[in-house]
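Peer 1: Take this structure, written in structure tokens, and hold onto it; I'll ask about it next.
The values are calculated or read from the model by the stated rules, or taken from the named source; none is laboratory data. Since this is a predicted model, take the numbers as computed values, not measurements. With ideal geometry, Cβ positions are generated from the backbone for all residues, glycine too; neighbour counts draw on all protein chains shown. For the accessible areas, the whole protein counts, side chains as well, though only heavy atoms, and no ligand, DNA or RNA atoms are used. Shrake-Rupley method; radii C 1.70, N 1.55, O 1.52, S 1.80 Å.
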Amino acid sequence: MANEITEIAPLSVFVTGATGALGREVTRQLRAAGHKVTGATSGYENAVLVRADGGIPAYPDLLRAGEMRSVMAAAKTDVVLNLAPQLHNHLPQVNAQWDARLMSEGVEALLEAAKAAEVKFVVHTSYAFAGEHDEALDEFLETVRDGEREALTGDVPACVLRLGFLYGAETPELVSVRNAMLAGKTVDCGPDDSHVWWLNVPDAARAVIAAMNARPAGVLLNVVDDQAISPAKFMAYFAQSQGVTPPGRAPRFALWAQPSKMQAALMHLSPHISNAKAKELLGWSPRFASFEAAIDDALLSWRAASEVGSAAT
């Protein structure tokens, strides 16, 4: 049934990008379902986050197959969830450090490690805009598509999930934009003449786990909200729901608020895609019928956390 995680025997799951918003949500949902999670991370503070979510921290270099093989073998890994590519997939209004190496060398190393460790299935995550073409993006997007092809044609059964721009109550980018707006600072809302695809983090986590359960080998799926909207419309509702005026486009002299060339290009794309195949094969659908409902839910979460904090003091 849609919106439910299929009950399966406990698995050992290796998660890359475990301390990103998506990785943390996936880890919590997996642990709630009784699975063992080993989360790739770095540093003591990030290890604390993995443990807080119920996972076991590990510290492999994601570009070195030997290190990941050792971790996977030690954990007796059944399934690998490659979420590291999503660490920079967030609000397109916020500049991101897109790492093409994760989609080339990283995918190659992960698949080599998974094969050596006798992993049963890999879920590789990509981007809803991966099929587009733009002069400012073509080199990066070709690398992304190469990584997808490697995953789909490798020796370990795998699927690829192209995710929309991620947002939710726990995404630092949404929090930082909210704080900037409330402080009256300049924020570039992006264009109103494009239709990009979005995805609420808990919905993304449910789709990743549904793919782990269903294991549609050799399949590429678009996992996005039901509604593509412009960056400006998304940000306008986000601002108005907090009682502030949407700041519109950042003036040219406000260099600190300008999106990078790559982020600006991403905000102008309008991919023509559908999530119908993901719904059919995964038994998944977004929990929220609209981006407005998902934003309202994030605001409720923040309000509840604020009231709890106030009560504690």
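Peer 1: Sum -39500 (n - 2.57) across every DSSP H segment of at least 4 residues in the chain, then divide by the residue count to get the 222 nm mean residue ellipticity, nearest 500.
Peer 2: Computed mean residue ellipticity for the chain: -13000 deg cm²/dmol.
Peer 1: Under 27 Å from the Cα of residue 185, which lysines turn up, not counting those fewer than eight places away in the same chain?
Peer 2: The reachable lysines, counting only those whose Cα sits under 27 Å from residue 185, are 233, 261.
Peer 1: Can I ask one more? Dividing the alpha-carbon Rg of segment 22-181 by 2.2 N^0.38 Å yields what?
Peer 2: Ratio of Cα Rg to 2.2 N^0.38 Å: 1.05.
Peer 1: Please work out how much accessible surface residue 127 shows to a 1.4 Å probe, ignoring ligands, DNA and RNA, in Å² rounded to 10.
Peer 2: Ignoring ligands and nucleic acids, residue 127 comes out at about 10 Å².
Peer 1: A follow-up question, please. Share of Cα-Cα pairs in segment 1-86 beyond 20 Å, in percent?
Peer 2: 28
Peer 1: Follow-up. Quick one: Debye curve from the alpha-carbon atoms of segment 119-247 only, equal weights, vacuum; give me log10 I(q)/I(0) at q = 0.19 Å⁻¹ to two decimals.
Peer 2: -1.09
Peer 1: Moving on. Can you spot the lysines whose alpha carbon is less than 26 Å from residue 120's alpha carbon? Ignore those fewer than 8 places along the same chain.
Peer 2: 36, 76, 277, 279
Peer 1: Next question. For 102, 87, 163, 300, write out the residues from largest to smallest accessible area, computed with a 1.4 angstrom probe and no ligands counted.
Peer 2: Result of the area sort, largest leading: 300, 87, 102, 163.
Peer 1: Here is a follow-up. May I ask you to give the percent of accessible area on the chain that is carbon plus sulfur, with a probe radius of 1.4 Å?
Peer 2: Carbon and sulfur: 51 percent of the exposed surface of the chain.
Peer 1: Based on the inverse mean of 1/r over its pairs of different Cα atoms, what is the Kirkwood hydrodynamic radius of the chain, in Å?
Peer 2: About 19.8 Å, per the Kirkwood formula over Cα pairs.
Peer 1: While we're on this one: For the chain, what is the accessible area per residue in Å² when the probe is 1.4 Å?
Peer 2: That works out to 44 Å² per residue.
Peer 1: Right, next: Would you list 101, 69 from the most to the least accessible area, probe 1.4 Å?
Peer 2: 101, 69
Peer 1: In the chain, with Lys and Arg counted as +1 and Asp and Glu as -1 at Cβ, which of these residues, 22, 304, 157, has the Cα nearest the positive end of the dipole, that is, farthest along it?
Peer 2: Farthest towards the positive pole: 304.
Peer 1: Normalise the Debye intensity by I(0) for segment 117-189, one equal point scatterer per Cα, no solvent, then take log10 at q = 0.20 Å⁻¹ and round to two decimals.
Peer 2: Once normalised to I(0) and log-transformed, intensities are -0.91.
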